[in-house]
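*Asks:* Please read through the structure below; I'll follow up with questions.
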């Protein structure tokens with residue numbers, strides 16, 4: 001397989017993952033574990049890929065959340081718990097969707 005074909009295949013795979021990824025912005029407090037699991041279950045059943053800060057331990061918090069937001073087309077934001085960073089993460093998500101590059105605004 002040629003380099004160009006592999007590059008195209010890789011881009012299609014990334015686009016497919018992006019289009020099915022959902023940023024789950026939910027309190028990381030243990031009390032909200034059942035809610036996070038229910039959201040993840042529902043997303044999996046609907047063929048989506050749940051993504052959250054829990055999965056990513058690399059980098060500074062701001063860089064981590066930006067990396068996750070960029071990798072997700074959709075977002076679910078639970079503001080009922082109002083965790084320490086939940087409103088901030090929502091603001092970053094809305095900013096990316098309104099003022100980011102074309103891919104971020106989708």
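Any read-out appearing in this document is the output of simple, stated calculations on the displayed coordinates, not a laboratory observation. None of these values were measured; they are calculated from a predicted model. Note that each Cβ is placed from the backbone with ideal geometry, even for glycine, and that neighbours are counted across all protein chains shown.
*Asks:* I want to check the label-to-label distance for residue 8 and residue 79. Put each point 7 Å from Cα in the C-beta direction and report it in nm to one decimal.
*Replies:* 4.5
*Asks:* Would you kindly state how much longer the chain becomes between residue 35 and residue 97 on full extension, computed as 0.36 nm times their sequence separation minus their alpha carbon distance, in nm to one decimal?
*Replies:* Working it through step by step, the gained length comes to 19.8 nm.
*Asks:* At 0.36 nm per residue, and after removing the present C-alpha to C-alpha distance, how many nm does the segment from residue 28 to residue 54 gain when stretched out fully?
*Replies:* That pair, residue 28 and residue 54, stretches by 8.6 nm at full extension.
*Asks:* By how many nm would the segment from residue 45 to residue 19 grow when fully extended, if each residue of separation counts as 0.36 nm and the alpha-carbon distance is taken off?
*Replies:* Stretched fully, the residue 45-residue 19 segment lengthens by 7.8 nm.
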